[in-house]
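The values are calculated or read from the model by the stated rules, or taken from the named source; none is laboratory data. As the structure is a computational prediction, the values presented were derived from the model and not from experiment. No Cβ is skipped: glycine too gets one built from the backbone with ideal geometry, and neighbour counts run over all protein chains shown. What goes into the accessible areas is simple: the full protein's heavy atoms, side chains included, and nothing from ligands, DNA or RNA. Shrake-Rupley method; radii C 1.70, N 1.55, O 1.52, S 1.80 Å.
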Amino acid sequence: MEIPLNRIDYSLVGPTSRHTMKIIPNPEGKGQQKIALGSHDGVVQIFNIKKGNLVHTFKSLPGRKINGLELGGVRDQIQDKIFVASNNEIKGYNKKGKLFLAFETTLTEPIQHMSISGSDLMVATFHSFQHYADCAEKLNATFADKITDIINLPAPNNQPVRTVIACEDRTLRMVTDKKQTVIAEISGRPSTMQLENGDGGLNGIEVLYGAQDGSIGLVSFGFQPLVRWVMESTNGGVNCMTHFDMTGDGQKELIVGRDDGLIEVYAFDEMQELPVKRASYSCSESIVSIQAGFVSSAEYPEIIAVTYTGWFFGLTTESKESIDLRQGDGPTNMSVEMQERLQQLRMEIDDIEQKVMREREKYKQTTQSKPDALSIVPNIEINDKFTLIQNEAVYLLSIEVQTPIDNVLIQSNTPLLILDVERNSAVVSHSASDPESGNHLLVTYRCQVNTTRLEVKVQTTEGRAGELRAYVTVSMQPKCCRLIKYPIKPLSLHQRSHDLALDRPYNSLRLTGEFSLAEVHSWIGLCVPEVPEKVPLTPEGVLSYKNASLNTVLHCVYMKGKAEFKADSMSTIAVLKDILTKEATAKNIELDISCEIHPESTAHMLRLLHPLLATQRQIANDAALLVPLHELKQQGVNLPEQYQLILERELQLTENMKRQPDQLQRLKSMICDLFMDIGKFRSGNARAKVPQLLELLDSYKDIQTLEEFFEQ
């Protein structure tokens with residue numbers, strides 16, 4: 001059954017970080033609840049909502065940026081104490097705003113994540129984790145991969161606290177008693193976690209995770225970690241999750257806030273393994289915090305959300321008519337005193353706008369009239385992500401600014417294909433570029449009024465490295481632009497994986513020389529994405545990758561003076577060899593290089609490419625027949641069944657061609673690159689035979705002919 005949701009806008013609270021808003025539970029368990037919220041300007045607010053307005057219990061003075069806000073208290077009692085993390089300091093407030101704790105940790109970097117269980121405090125930066133018991137340090141740990149979230153499992157009967165740490169290497173790690181006890185391997189890069197049903201399930205060991213690719217999964221931390229289920233999604237990455245009983249049936253629903261502004265409500269059905277969507281709402285800004293409770297009404301449950309730019313709004317199950325009646329909306333319901341007050345506020349706003357316009361014009365004349373005058377460039381904070389979408393093998397570039405975007409210019413020094421996203425309302429302009437001067441792409445997005453978020457899909461080609469640049473201009477005075485750079489790695493379509501796939505025919509590349517572990521680690525970072533920023537904490541580094549387009553596999557094992565790479569694709573080995581040799585030569589390091597080609601690797605690669613090539617050829621052929629078939633149908637020709645099926649699939653064919661244009665040509669280029677890379681290692685003149693290979697691919701029918709051509 002669909003859950004009805006009606007939006008209520010409350011306030012603009014300013015830019016906020018993830019997990020900085022909580023609903024405070026009531027001691028009696030019913031009635032309207034208060035809200036605690038922290039923002040980038042360092043202000044901590046505690047308020048409730050009456051007739052659609054914020055009524056503050058407490059509001060602190062501005063300070064340093066707040067990166068986290070959590071609720072705590074004595075174990076097994078109401079968690080109504082408010083803890084905020086700012087820089088490397090933790091502050092505690094009661095629900096009336098009285099400060100009872102000001103604790104400075106020993107971390108040298110700002111705290112990014114926080115979790116509290118009784119007197120146990122867990123904090124984490126990007127790579128460091130610390131556990132404090134009664135403000136005394138009990139445990140510290142460092143991770144090579146970036147930490148994305150932490151959460152505590154329930155600890156009944158004063159048992160040791162178990163903390164689950166999510167890392168970008170696609171793992172969830174449970175830490176307790178100074179030992180890393182359990183590592184759960186998952187398919188996506190985790191971005192947030194939530195206890196199952198809010199309490200960890202029946203045994204208190206189940207954790208829900210949301211990933212950057214939009215998927216949601218459930219992991220059970222028993223003696224051996226078990227991934228119970230994974231729900232894939234084509235929507236944005238998951239930023240926040242919570243549980244609440246929205247329907248009053250005694251079963252809590254899962255509420256999800258996504259990076260693309262989508263809020264979803266899922267219900268759990270015992271007859272189905274995966275949760276079922278019961279409601280959704282989409283806004284134009286990313287959701288950074290989400291909670292649910294009885295906020296504006298003591299009778300109707302409500303979802304409360306905060307966006308990145310600071311919009312604070314609710315989605316209530318109460319009807320629109322009931323909301324208007326309760327809040328007394330409309331001039332007919334206002335008293336004379338209230339109408340006069342409203343008119344006075346409007347006049348004050350008009351007066352302020354006139355003052356701003358005069359000061360802006362004065363500033364403009366001053367900076368233009370004096371040759372030595374300097375303009376003050378404002379700081380433009382941008383929330384941006386460049387994420388690989390696995391099922392489409394393209395990158396999603398999302399740019400979100402606190403103020404409206406005027407235009408975004410995208411430029412690249414390597415061949416790329418820009419694909420538009422349906423959610424965008426911007427006007428796209430493609431400009432001519434000069435590849436000889438290193439400019440392969442120039443695209444401008446002119447945004448509509450009050451657009452604060454833009455999404456673009458970028459299609460890369462492996463083997464070609466470079467840099468993508470985004471010039472973001474916002475609608476403010478004086479006009480200024482922010483430049484953001486995104487490196488395009490030579491093996492850009494590879495992503496971290498835990499699938500060893502030992503049964504494949506692997507080619508190997510071995511390097512030996514006078515290089516350190518840090519040097520070879522940095523060289524690998526130039527070749528593939530998702531390489532940890534920090535050097536491995538062990539004497540040996542191990543990384544595994546899978547290609548999002550072809551599902552080929554790459555294994556890297558490296559240490560001081562020695563490195564070995566195994567891949568079932570010769571193109572991957574060829575790219576690694578070129579980059580690593582170039583970097584070693586630049587540092588005058590002599591390398592001893594040896595390559596070993598598996599005799600079955602070529603046939604294996606062609607078998608991987610065959611179904612993709614056959615499918616894309618069929619799609620291209622069917623799409624080319626659409627126009628002639630429509631003309632024949634208009635002339636009254638009775639079409640055979642096979643052609644009628646093509647017309648019935650017209651929408652699907654059009655969407656496939658729009659989602660992945662020139663995909664057939666890309667596959668042909670991959671096959672040609674594979675052919676030439678194999679020729680390099682076999683010392684053959686492969687480039688001269690490429691025209692023959694292209695002719696064979698144009699008339700491609702079966703894989704046997706292609707295998708025979710490669711064997712020659």
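Points worth noting:
- Positions within segment 674-687 being part of a helix (DSSP H, G or I), at pLDDT below 85 and among the hydrophobic types (A, V, I, L, M, F, W, C), in sequence order: F681
- From the list T57, T16, the one residue that fits, being under 15 Å from V288 (Cα atoms), touching a residue at least 12 places away in the same chain (Cβ under 8 Å) and polar (S, T, N, Q), is T16.
- When segment 419-453 is limited to residues that are open to solvent by 40 Å² or more (accessible area, probe 1.4 Å), without any contact (Cβ under 8 Å) to a residue 24 or more places away in the chain and of a type in the set (S, T, Y), the one that is farthest from P15 (Cα to Cα) turns out to be S437.
- Residues that are closer than 30 Å to V356 by Cβ and in a strand (DSSP E or B), drawn from segment 452-496: R453, L454, A470, Y471, V472, T473, V474, C481, R482, L483, I484
Every residue, every condition in (1) without any contact (Cβ under 8 Å) to a residue 12 or more places away in the chain; (2) over 22 Å from F47 (Cβ atoms); (3) open to solvent by 40 Å² or more (accessible area, probe 1.4 Å); (4) in contact with a helix residue (DSSP H, G or I) (Cβ under 7 Å, 6 or more places away or on another chain), yes or no:
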{"site": "I78", "(1), (2), (3), (4)": "no, no, yes, no"}
{"site": "V84", "(1), (2), (3), (4)": "no, no, no, no"}
{"site": "G92", "(1), (2), (3), (4)": "no, no, no, no"}
{"site": "K95", "(1), (2), (3), (4)": "no, no, yes, no"}
{"site": "H113", "(1), (2), (3), (4)": "no, yes, no, no"}
{"site": "L121", "(1), (2), (3), (4)": "no, yes, no, no"}
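- Hits in segment 154-180 (condition: exposed (fewer than 14 other Cβ atoms within 10 Å of the Cβ) and in a strand (DSSP E or B)): K179, Q180
- Scanning segment 298-325 for residues that are surrounded by 14 or more Cβ atoms within 10 Å (Cβ to Cβ), among the small types (G, A, S) and over 29 Å from the mean Cα position of the chain (by Cα) gives a single hit, S322.
- E253 passes every criterion in (1) over 28 Å from T451 (Cβ atoms); (2) open to solvent by 50 Å² or more (accessible area, probe 1.4 Å); (3) of a type outside the set (V, I, T); (4) under 24 Å from the mean Cα position of the chain (by Cα) apart from (2).
- Taken over segment 454-486, the criterion of being in contact with a Pro (Cβ under 9 Å, 6 or more places away or on another chain), closer than 28 Å to V575 by Cβ and either open to solvent by 20 Å² or more (accessible area, probe 1.4 Å) or not polar (S, T, N, Q) (or both) is satisfied by T461, E462, G463, R464, A465, G466, E467, L468.
Yes/no matrix, rows are residues, columns are (1) assigned to a helix (DSSP H, G or I); (2) of a type outside the set (S, T, N, Q); (3) within 37 Å of the chain's Cα centre (by Cα):
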position	(1), (2), (3)
S571	yes, no, yes
I579	yes, yes, yes
R607	yes, yes, yes
L613	yes, yes, yes
N621	yes, no, yes
N638	no, no, no
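- Filter pass, E353 being at pLDDT 85 or above, assigned to a loop (DSSP other than H, G, I, E, B) and of a type outside the set (G, A, S): no
- Filter pass, D259 being within 18 Å of the chain's Cα centre (by Cα) and at pLDDT below 95: yes
- Qualifying residue in segment 205-214 (condition: of a type in the set (D, E, K, R), open to solvent by less than 60 Å² (accessible area, probe 1.4 Å), part of a strand (DSSP E or B) and touching a residue at least 40 places away in the same chain (Cβ under 8 Å)): no
- The lone criterion from (1) farther than 23 Å from N547 by Cα; (2) out of contact with any Lys or Arg (no Cβ under 9 Å at 6 or more places or on another chain); (3) of a type outside the set (G, A, S) left unmet by V474 is number (2).
- Taken together, the criteria exclude R504 from residues that are of a type in the set (K, R), assigned to a strand (DSSP E or B) and over 21 Å from the mean Cα position of the chain (by Cα).
- Whichever residue in segment 284-335 is charged (D, E, K, R) and part of a loop (DSSP other than H, G, I, E, B) and, among such residues, is modelled with the lowest pLDDT: D329
- Checking each residue in segment 271-297 for being among the small types (G, A, S), open to solvent by less than 10 Å² (accessible area, probe 1.4 Å) and more than 17 Å from Q32 (Cα to Cα) picks out A279, S286, S289.
- Filter result (farther than 15 Å from R666 by Cα and crowded, with 17+ Cβ neighbours inside 10 Å) within segment 607-625: D622
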